[in-house]
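The values are calculated or read from the model by the stated rules, or taken from the named source; none is laboratory data. Keep in mind it's a predicted model, so treat the numbers as computed, not measured. No Cβ is skipped: glycine too gets one built from the backbone with ideal geometry, and neighbour counts run over all protein chains shown. Heads up: the accessible areas ignore ligands, DNA and RNA and are worked out on the full protein's heavy atoms, side chains in. Shrake-Rupley method; radii C 1.70, N 1.55, O 1.52, S 1.80 Å.
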Amino acid sequence: RKEVEQDPGPFNVPEGATVAFNCTYSNSASQSFFWYRQDCRKEPKLLMSVYSSGNEDGRFTAQLNRASQYISLLIRDSKLSDSATYLCVVNKGNSGYSTLTFGKGTMLLVSP
Amino acid sequence: DGGITQSPKYLFRKEGQNVTLSCEQNLNHDAMYWYRQDPGQGLRLIYYSQIVNDFQKGDIAEGYSVSREKKESFPLTVTSAQKNPTAFYLCASSTPTGRVGNQPQHFGDGTRLSIL
């Protein structure tokens, strides 16, 4: 299994749709999980951290399943401005000094 | 405003030339990182530094060098030994807590390096 694996997409959805991204990771010792958003030719920006109990930020919901080593991101009521590549990010170990591994990202295209 | 500043935004390298990419942060973060991103690819870690005067190789350090003489600054030199330097280079910083888990990394807006 790759360190961090995501469906590359693109996911083409109409405005208002609900879309879900999935991510799997290989290191069972990983403790930190994030979703980043990257617009075309721009730097990645933190969208949200992912907590064990799951967490929500407005239209965005993140879930973590440690047993399956699986992370998800749900976007409800998609907006045109949500079009971007979504990166799943996992730390490499169980220390705050470990580095992060970035998935290749899933591209989302929201159309009118 | 606190943030990470990378310069230049665009850089061209002649064959056999070393070039240095600048990264400065005023977030008071201990840790700094350099990544490379190729089209359609994920970020790959080149070098990182958890503290001043110390740094470690990442996954693709060959052909690159760094220094960390000040907390705020982490310049990356792309040497002539790096045969395929064309890429988008991203600098990031974070505050490692030392506890289980990481703080998220915050990125500069990148430098695009091309070969002339």
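For the stretch A:1-18, filtering for residues that are within 18 Å of A:LYS104 (Cβ to Cβ) and in a loop (DSSP other than H, G, I, E, B) leaves 7. Any residue that is at pLDDT below 95, of a type in the set (S, T, N, Q), within 25 Å of B:TYR47 (Cβ to Cβ) and out of contact with any helix residue (DSSP H, G or I) (no Cβ under 7 Å at 6 or more places or on another chain) - is there at least one of those in the stretch A:32-48? Yes, the stretch A:32-48 contains at least one residue that is at pLDDT below 95, of a type in the set (S, T, N, Q), within 25 Å of B:TYR47 (Cβ to Cβ) and out of contact with any helix residue (DSSP H, G or I) (no Cβ under 7 Å at 6 or more places or on another chain). State whether the residues of the stretch A:95-107 include one that is farther than 12 Å from A:PHE33 by Cβ, open to solvent by 60 Å² or more (accessible area, probe 1.4 Å), more than 9 Å from chain B (Cβ to nearest Cβ) and in contact with a strand residue (DSSP E or B) (Cβ under 9 Å, 6 or more places away or on another chain). Within the stretch A:95-107, one or more residues are farther than 12 Å from A:PHE33 by Cβ, open to solvent by 60 Å² or more (accessible area, probe 1.4 Å), more than 9 Å from chain B (Cβ to nearest Cβ) and in contact with a strand residue (DSSP E or B) (Cβ under 9 Å, 6 or more places away or on another chain).
Can you tell me which residues in the stretch B:9-29 are crowded, with 17+ Cβ neighbours inside 10 Å and modelled with pLDDT under 90? Of everything in the stretch B:9-29, just one residue is crowded, with 17+ Cβ neighbours inside 10 Å and modelled with pLDDT under 90, namely B:ARG13. Within the stretch A:70-93, restricting attention to residues that are outside any strand (DSSP E or B) and at pLDDT below 95, the residue that is least open to solvent (accessible area, probe 1.4 Å) is A:GLY93.
Within the stretch A:27-40, work out how many residues are within 17 Å of B:ALA92 (Cβ to Cβ) and surrounded by fewer than 15 Cβ atoms within 10 Å (Cβ to Cβ). Of the residues in that region, 1 qualify. Of the residues making up the stretch A:44-63, those that are surrounded by 14 or more Cβ atoms within 10 Å (Cβ to Cβ) and away from chain B (no Cβ under 11 Å) number 5.
The numbered conditions (1) within 13 Å of chain B (Cβ to nearest Cβ); (2) under 26 Å from B:GLN37 (Cα atoms); (3) in contact with a Phe, Trp or Tyr (Cβ under 8 Å, 6 or more places away or on another chain) are all true for A:GLN69 except (1). Could you say whether any residue in the stretch A:19-26 is crowded, with 17+ Cβ neighbours inside 10 Å, in contact (Cβ under 8 Å) with a residue 60 or more places away in the chain, within 14 Å of chain B (Cβ to nearest Cβ) and in a loop (DSSP other than H, G, I, E, B)? No, the conditions are met nowhere in the stretch A:19-26. Screening B:SER49 with (1) in contact (Cβ under 8 Å) with a residue 24 or more places away in the chain; (2) more than 14 Å from chain A (Cβ to nearest Cβ) gives one miss only, at (2). Do we have any residue at all in the stretch A:38-55 that's in contact with a Phe, Trp or Tyr (Cβ under 6 Å, 6 or more places away or on another chain), assigned to a loop (DSSP other than H, G, I, E, B) and not β-branched (Val, Ile, Thr)? Yes, that holds for at least one residue.
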